[in-house]
């Protein structure tokens, strides 16, 4: 059985950097995935990511990516694009760890064979709360993940009772000051 | 003529620390540690339910999630003077210990070993001789010549490909790199094994915490783990023995591999016991709580002033006024409105200027203890343990000094610990102590459960009016404290004083530099465009800027930029 990880990366407290965790939260809320598929919010794992990658044959990352495209745009990168682009391209705010981690697990020979990054271009990266453009992009990014999964012959089932689509970081402080 | 070197950012992880040094005559004459982004995360918590705070604080930083969650629930419990059931204390302690073992292994191998180990010499190594050497130093079974040959072959493949893969960032061939090829081979082999063993420690956190990196089981008043030895769905004997089996794998790696590697590296670079002392006032808080009121601890903490262990003054617990009243944050040189306040009154009002050598130059506030800068981290923790005559700390510290002395063939005393290498040695000592404590805590938990105690949670009750609480934790990078003011059951103010703000703190109102800045003075710099020596001293503190300033750089600086002016 192919082990597939759908891993959301990003800091949920820093504006649009919350998009990776928010996309995997939405996927997990609405869909039931077959055995062998793990959908998880990893936050900003940095080099701890290496320890997680050996669990999988294929990994789909969801993350904010720095790009000149309009906020909310979705960009999909292959493994070669992640690793071969010169560092100046700035694929992701977490790029040093993502790139270095991939090279490390490659060297160990334990890493996933197939990797894909579904990136969402952020607008604001300060303060709690995502921009409207990025909030609107969340279902589209989730769809992009489902499309990649379909290519891998993974067919999730809609949950009979969906979980909450509002993770804790999207709740406003109840008492305004 | 002096040269100015700017290194930005300096951590190999998501780092946003910038270091500026002025070098003259091959030595650092002046240094500035600064951070380049602000986030103001504490404001996010104002107006929220204190029972939810830990879920937010554990997202402050991606590397130290667990420690911020724990400090937060302790702060809320402290504000209510709550007791925490014994089982909950032990379960939290096991999570803390497993997390620390993981963190220290990663810090040494993945974040700083390559400051000392030159991978590119490995093609000249002799795996048979390296194996004999490694086996003479340690009973570890993973040092066979066959294993070392395999690592050598991999590195040769990498060097031939012209791309150094994960090692591309190192200062290879630098004159300050001095380990023999065989030692470089052993260390690199352990670098690779470390990736496997740190994983077992994370699995412990996942079993007890429900999930990692973001544990799910904390709550003010205890833990959410249900205990029933006969139930599949709860913390039962099967899960407890899984935890034990994982510790039994990780602990030999800590005590036979990591510990010995630090001693071996240290013995080849003895001059680095002479650099990097900096601020020798040390602060550490007690941890690994042993009673429901959190008044007894397995690890002592306190203060030491001017490097003199005789000045040791213990901190007895979270209610000890010596710690509670001693802390303030100086913002004279930080990009905030100047407000030298106690954390309960703490403000986070930005006032950005350019980088001004003699003015404001960083987003890191300057915590001070009774007006003095303090070094925090494993070195502070180990020195306080020695001063308090803690048996485990004494045992492992003496073993470290005798191992270094035996390899270097000279007598080495505890005074060498006030240094760049001393911080690495102290981290290995502390990690070995914590490995011993993990087995003790596991036994305490099992004994308590088998006695029939299954309580894990007390219900918090918030009074009308205002209460204040402080929760501390001796985290892998040092003393962490969360300070909360709660009014009518709602958070009124929240401040986190994190280890890296103590160590990366800027100059204060008296002009006294912080620990990083002071430690860099007199550091040698052989090649200004390759300031490896500066990086060695900074990495020895285990910087974690993403939580120190709670920051994120939208431009995603991808590698250390070194500018020499």
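Summary of values
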| read-out | value |
| --- | --- |
| Cα-based Rg of the stretch B:210-364 normalised by 2.2 N^0.38 Å, two decimals | 1.50 |
| Alpha-carbon gyration tensor eigenvalues x 5, square-rooted, for the stretch B:448-492, Å | 27, 21, 6 |
| Computed label-point distance, nm, for sites residue B:124 and residue B:153 using a 7 Å Cα→Cβ extension | 2.4 |
| For B:98-107, mean number of other protein chain Cβ atoms within 10 Å | 1 |
| Relative packing of peptides B:267-276, A:9-18, A:118-127 - highest average C-beta neighbours within 10 Å first | A:9-18, A:118-127, B:267-276 |
| Segment residue B:398-residue B:81, extension gain: residue separation times 0.36 nm, minus the distance between their alpha carbons | 110.2 nm |
| Calculated diffusion of the stretch B:365-516, Stokes-Einstein form, Kirkwood radius summed over Cα pairs, 37 °C and 0.692 mPa s, µm²/s | 176 |
| Packing-based ranking, highest mean first, of B:135-141, B:277-283, B:383-389 given that Cβ atoms within 10 Å are counted | B:277-283, B:383-389, B:135-141 |
| Sorted by Cβ neighbour density within 10 Å, fewest at the top, the residues B:121, B:450 | B:450, B:121 |
| Partner chain coverage, peptide B:203-216 - average Cβ within 10 angstrom | 2 |
| Relative contact order, percent, chain B [alpha-carbon distance under 8 Å, six or more residues apart] | 27 |
| Efficiency of FRET from Cβ geometry, residue B:440 and residue A:57, R₀ 51 Å, rounded to 0.05 | 0.80 |
| Over the stretch B:364-435, relative contact order from alpha-carbon pairs under 8 Å, at least 6 apart, % | 36 |
| Shielding score for B:45-57, defined as the mean number of other chain Cβ atoms within 10 Å | 3 |
| Projected label distance in nm at residue B:309 and residue B:146, using a 7 Å step from Cα toward the beta-carbon | 4.5 |
| Size of the stretch B:19-129 as Cα extents on the principal axes (Å, biggest first) | 60, 43, 20 |
| Coordinate range along principal axes, alpha carbons of chain B, Å, largest first | 69, 59, 47 |
| Least to most buried among B:64, B:544 (fewest other Cβ within 10 Å first) | B:64, B:544 |
| Shape of the stretch B:232-316, Cα gyration tensor, a/c cut at 1.5 | oblate |
| Computed helical MRE - 222 nm, the protein assembly as shown, DSSP H runs ≥ 4 contributing -39500 (n - 2.57), nearest 500 | -11500 deg cm²/dmol |
| Antiparallel bridge percentage (DSSP; both residues within the protein assembly as shown; nearest 5) | 75 |
| Ordering of B:247-258, B:361-372 by packing [mean C-beta count within 10 Å, highest first] | B:361-372, B:247-258 |
| Exposure proxy order (Cβ contacts within 10 Å, fewest to most) of B:122, A:115 | A:115, B:122 |
| Principal axis dimensions, the protein assembly as shown - Cα atoms, whole angstrom, descending | 69, 59, 59 |
| Chain lengthening between residue B:43 and residue B:178 when straightened (0.36 nm per residue, less Cα-Cα) | 43.8 nm |
| Per-pair calculated FRET efficiency, R0 = 45 Å: residue A:140 and residue B:488 via Cβ, rounded to 0.05 | 0.60 |
| Using a Förster distance of 51 Å, the FRET efficiency for residue B:268-residue A:114 (Cβ separation, nearest 0.05) | 0.75 |
| Normalised alpha carbon radius of gyration of the stretch A:1-150 [divisor 2.2 N^0.38 Å] | 0.96 |
| Considering only chain A, percent of DSSP beta bridges that pair antiparallel, nearest 5 | 30 |
| Inter-label distance, nm, simple model (7 Å from Cα along the C-beta direction), residue A:147/residue B:355 | 4.2 |
| Cα gyration tensor shape of the stretch A:24-65, rounded if a/c is under 1.5, else prolate or oblate by comparing a/b with b/c | oblate |
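Read the figures in this text as sums done on the coordinates, not as results from a lab. Nothing here was measured: the structure is a model prediction, and the numbers come from that model. Cβ: placed from backbone, ideal geometry, glycine included. Neighbour counts: every protein chain shown.
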